[in-house]
1. Just to check I understand the Karplus step: with θ = phi - 60° and J = 6.51 cos²θ - 1.76 cosθ + 1.60, what whole-Hz values come out for the range 61-69, glycine and proline as x?
2. How would Glu67, Glu89, Glu47 line up from fewest to most surrounding beta-carbon atoms within 10 angstrom?
3. Karplus couplings for the range 37-51 from phi (6.51 cos²θ - 1.76 cosθ + 1.60, θ = phi - 60°), rounded to Hz, Gly and Pro as x?
4. Around Gln85, with a cut-off of 14 angstrom between Cβ atoms, what is the net charge of the other residues, counting Lys and Arg +1 and Asp and Glu -1?
5. So how much slack lies between Tyr49 and Lys93, counting 0.36 nm per residue of separation and subtracting their Cα-Cα distance, in nm?
6. Neighbouring Cβ atoms within 10 Å as the yardstick, rank Val71, Val17, Val6 fewest first.
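What follows draws every value from the coordinates through simple rules; no lab data is involved. Since we're looking at a predicted model, the values are computed, not measured. As a convention, Cβ positions derive from the backbone with ideal geometry for all residues, glycine included, and neighbour counts pool all protein chains shown.
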Amino acid sequence: MKLIKVAIPSYQTLKQVLPRVAKYLHETPNKLFNVYTLGSLDVFYIETYDHTDVLIRSRKRKVTNEEVSFVIDKLFADVPLDNLQIDHEFISKLTDKPSDKYRQIVLIRKN
């Protein structure tokens with residue numbers, strides 16, 4: 001597996017790329033916003049002044065525990081697992097109706 005950083009235009013904001021996620025996160029100011037790809041998965045690294053979030057988004061299939069562990073090893077290498085919250089059903093908090101667009105969104109949060 002490879003986690004590859006994707007170039008995004010500098011004028012792109014979190015609200016433009018992930019509008020529902022930005023609304024859920026209460027549109028807090030971001031210090032850092034990076035986009036990665038992990039095969040068919042999109043990985044969004046969002047660092048705010050209070051916490052750091054990583055979203056793993058899949059369009060076709062469920063995200064495996066192995067993929068979640070790989071992302072944690074790459075993006076949170078120095079953080080103990082006790083300091084991370086993992087929500088495999090994050091997509092249900094974004095919308096009441098099922099989405100045809102995305103199969104699953106996993107949230108990993110470091111406070």
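1. 8, 6, 7, 7, 4, 5, 5, 4, 4
2. On the way: Glu67 19, Glu89 10, Glu47 15.
Starting with the residue having the fewest Cβ neighbours, the order is Glu89, Glu47, Glu67.
3. Rounded to whole hertz, the list is 10, 10, x, 8, 9, 9, 10, 10, 9, 10, 10, 10, 6, 9, 7.
4. On the way: positive: Lys93, Arg109, Lys110; negative: Asp50, Asp53, Asp82, Asp87, Glu89.
Around Gln85, the charge tally is -2.
5. Working: separation 44, 0.36 × 44 = 15.84 nm, distance 2.22 nm.
That works out to 13.6 nm of additional length.
6. Values: Val71 23, Val17 14, Val6 11.
By the 10 Å Cβ count, ascending, the order reads Val6, Val17, Val71.
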